[in-house]
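So the structure is just underneath, and the comments pick up after that.
The values are calculated or read from the model by the stated rules, or taken from the named source; none is laboratory data. All values derive from a computational prediction rather than experimental measurement. So basically every Cβ, Gly included, is an ideal-geometry build from the backbone, and we count neighbours across all protein chains shown. Ligands, DNA and RNA are stripped out before the accessible areas are found, and what is left, the full protein with its side chains, is counted by its heavy atoms. Shrake-Rupley method; radii C 1.70, N 1.55, O 1.52, S 1.80 Å.
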Amino acid sequence: MERIEKRLQAGEILIIDGAMGTALQELGLQVGECPEMWCLTHPEKVKSIHKSYREAGSDIVECNSFGGTRYKLRNFGLEDRVVEINRAAAAIAHEAAEGTQHVLGSIGPTGEFMEPYGIETEEDFFEAFAEQAKALEEGGADAVVIETMMAIEECCVAVKAARSCTDLTVIASFTFNPKQGGGYVSMMGVTPAQFAMAALEAGAHIIGANCGLGSEHMIEVVRKIRKAVKVVPIMAMPNAGMPKLVNGETIFDESPDLMAENCKILRDAGATLIGGCCGTTPEHIAAISKILKSQST
Ligand SMILES: [Zn+2]
């Protein structure tokens, strides 16, 4: 298969999966349990989630490796199993893909801060991201998405680590929230334009945004990214709506049809790599795939 960035540059629209966390919970993942450990303890269940998205029409299967840095795994006493867990995450996705999909490793934030805001050094972060990216590549991933990032320094170190230690396609993705008075910023105060330029400079092949926003807000964020950087492919993975608290539970209530309609506008705004974050189900991905892949739209 041609590399993802090459396919996008050639004008293809590619669909990524929907949510992983909620799907794992539906299959029995308990609160306080390590989701990535399921790659070793419940590989068949993880694989069944990948399959449901493949059947829904996704071109790219995203690994169950979001919290797979040693920093996140340390919370579960699993920091010495980074390589084993990430290799397994990629291997399961690779198996589920059966040669028909790209395998996209997921790299989430460490949950820590780099100097001067925290105690971690750039070298510490670099090593942790390189370790995870290398293991994902060894397991069979051909791309990696550094996602749900909010701090620009952390995002750029992760991009540089993945670029210099692997041959993977590297996607950098930030999480933005609506700003009071208009516009969007990450929790650390980074704007879409600031992120786009820094991530590109760090070496990302593809840049984009995930989580934090529903598909409608995401359209605005993509427009801002497109305005800041002209040529690079853009990824968008909105949530299925803005989160709503109902009876103490967070729900996302954007219907598959509404989300799919908005994904058409997302595409017209410049995003050609499209998937879903929190609240996105196989039904959403099926609707998105149908609408974006039909010739007449
Ligand atoms: Zn999300």
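What to note about this one:
- Kirkwood Rh, Cα atoms: Rg over Rh of the chain: 0.93
- Taking the 1.4 Å solvent-accessible surface of the chain as the whole, the part contributed by carbon and sulfur is 51%.
- Taking θ as phi - 60° and the Karplus parameters 6.51, -1.76 and 1.60, the scalar couplings of the stretch 131-142 work out to 4, 5, 4, 4, 5, 5, 5, 4, x, x, 6, 10 Hz in sequence order, x denoting glycine and proline.
- Solvent-accessible area per residue, Å², over the stretch 126-233 with all protein chains present [probe radius 1.4 Å]: 37 Å²
- Short-range pairs are left out: with C-alpha atoms under 8 Å and at least six residues apart, the relative contact order of the chain is 18 percent.
- Positive-pole candidate from V221, M259, P238, dipole of the stretch 214-265, charges at beta carbon: V221
- The local environment of R3, defined by Cβ-Cβ distances under 11 Å, has a net charge of -2 under the rule Lys, Arg +1 and Asp, Glu -1.
- Between K230 and E55, the FRET efficiency from the beta-carbon distance, with R0 = 35 Å, is close to 0.45.
- Charge tally in the Cβ shell below 13 Å around I152, where Lys, Arg are +1 and Asp, Glu are -1, I152 excluded: -3
- Of the three principal axes defined by the Cα atoms of the stretch 133-225, the extents in descending order read 45, 23, 19 Å.
- For the chain, a Gaussian network of Cα nodes joined below 10 Å ranks G32, G208, G275 by mean-square fluctuation, and the top entry is G32.
- Under a model in which nothing but the beta-carbon of Lys, Arg (+1) and Asp, Glu (-1) is charged, the stretch 222-294 shows a dipole of about 600 debye around its Cα centre.
- Positive contributions from Lys and Arg (+1) and negative ones from Asp and Glu (-1), summed over other residues with Cβ under 14 Å from the Cβ of V61, come out at -4.
- Rounded to the nearest 20, the Cβ-based charge dipole of the stretch 117-256 about its Cα centre (Lys and Arg +1, Asp and Glu -1) stands at 860 debye.
- Per-peptide packing, taken as the mean over residues of other Cβ atoms within 10 Å, places 140-150, 77-87, 229-239 in the sequence 140-150, 229-239, 77-87 from highest down.
- The candidates T22, T191, arranged from most to least accessible area with a 1.4 Å probe in the full protein assembly, appear as T22, T191.
- Within the chain, helix-based [θ] at 222 nm, where runs of 4 or more DSSP H residues each add -39,500 (n - 2.57), nearest 500: -13500 deg cm²/dmol
- Overall, the chain carries a charge dipole of about 920 debye about its Cα centre when +1 sits on the Cβ of Lys and Arg and -1 on the Cβ of Asp and Glu, all other atoms neutral.
- For the stretch 1-147, the percent of C-alpha pairs falling in each 5 Å distance bin, counted from 0 to the bin holding the largest distance, reads 2, 10, 19, 22, 19, 13, 9, 5, 1, 0.
- Table column - 3J(HN,Hα) (Hz), the stretch 244-259, Karplus curve with 6.51, -1.76, 1.60, x for Gly and Pro: 10, 8, 10, 6, x, 10, 7, 10, 10, 10, 6, 6, x, 5, 5, 4
- Under a 5 Å amide H cut-off, with hydrogens placed 1.01 Å from N, G275 pairs with I16, A236, M237 among residues at least 5 apart or on other chains.
- Calculated FRET value between E12 and E283, using beta carbons and R₀ = 22 Å, to 0.05: 0.40
- Across the stretch 193-208, computed HN-Hα scalar couplings (Karplus, 6.51 cos²θ - 1.76 cosθ + 1.60, θ = phi - 60°) run 5, 4, 4, 4, 5, 5, 5, 5, 4, 6, x, 5, 7, 9, 10, x Hz from first to last residue, x flagging Gly and Pro.
- Along the axis of the charge dipole computed for the chain (Cβ charges of +1 for Lys and Arg, -1 for Asp and Glu, origin at the Cα centre), the listed residues G276, P116, A143 are led at the positive end by G276.
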